[in-house]
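J.: Dumping the structure here so I can ask a few things about it.
The values are calculated or read from the model by the stated rules, or taken from the named source; none is laboratory data. Bear in mind that the values here come from a model prediction, so they are computed numbers and not experimental data. Counting neighbours? That spans all protein chains shown, and the Cβs are built from the backbone with ideal geometry, glycine included. Note: areas computed on protein heavy atoms with side chains; ligands, DNA, RNA excluded. Shrake-Rupley method; radii C 1.70, N 1.55, O 1.52, S 1.80 Å.
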Amino acid sequence: MNPIIERELGQVLTVEQVSDYLHVNPVTVRRHYETLGGIKVGKCFRFFEKRLIDAVLRQGKGLVDRPGTP
């Protein structure tokens, strides 16, 4: 991976790695990939470590809109 990208965004994670980290089903990770800071390239989902951590921290603070909430 490009060292500049890795320095700025952290390592690239797969759906399975994110699923293991968050202790959720991979289907849940795919369904919420945008909320988790992921990107979709074709049929592949990729996550960057620092973006995932930021998303989880925002979610924990209630700053991310949750489906079904006003």
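J.: Against the definition (open to solvent by 80 Å² or more (accessible area, probe 1.4 Å) and not in a helix (DSSP H, G or I)), how does GLU34 come out, yes or no?
T.: yes
J.: Hey, another quick one. Quick one: in the range 22-31, of everything that is in a helix (DSSP H, G or I) and open to solvent by less than 80 Å² (accessible area, probe 1.4 Å), which residue is modelled with the lowest pLDDT? Show your work before the answer.
T.: Just the residues of the range 22-31 that are in a helix (DSSP H, G or I), to begin with: 22, 26-31.
Those left that are additionally open to solvent by less than 80 Å² (accessible area, probe 1.4 Å): 22, 26-29.
Working: LEU22: 92, PRO26: 96, VAL27: 96, THR28: 95, VAL29: 96.
Here the answer is LEU22.
J.: Does the range 39-51 hold any residues that are under 16 Å from MET1 (Cβ atoms) and in contact (Cβ under 8 Å) with a residue 12 or more places away in the chain, and which are they?
T.: Across the range 39-51, the qualifying residues are ARG46, PHE47, PHE48, GLU49, LYS50, ARG51.
J.: Note down all Cβ pairs under 6 Å where the first residue falls in the range 1-21 and is open to solvent by less than 100 Å² (accessible area, probe 1.4 Å), the second is at pLDDT 90 or above and aliphatic (A, V, I, L, M), and they're at least six residues apart or on different chains.
T.: If the second residue must be at pLDDT 90 or above and aliphatic (A, V, I, L, M), the pairs left are VAL15/VAL29; VAL18/VAL29; SER19/VAL29.
J.: Across the range 52-63, which residue is nearest to the chain's Cα centre (by Cα) among those that are closer than 25 Å to ARG7 by Cα and either at pLDDT 95 or above or open to solvent by less than 90 Å² (accessible area, probe 1.4 Å) (or both)?
T.: Only one residue tops the list, namely LEU52.
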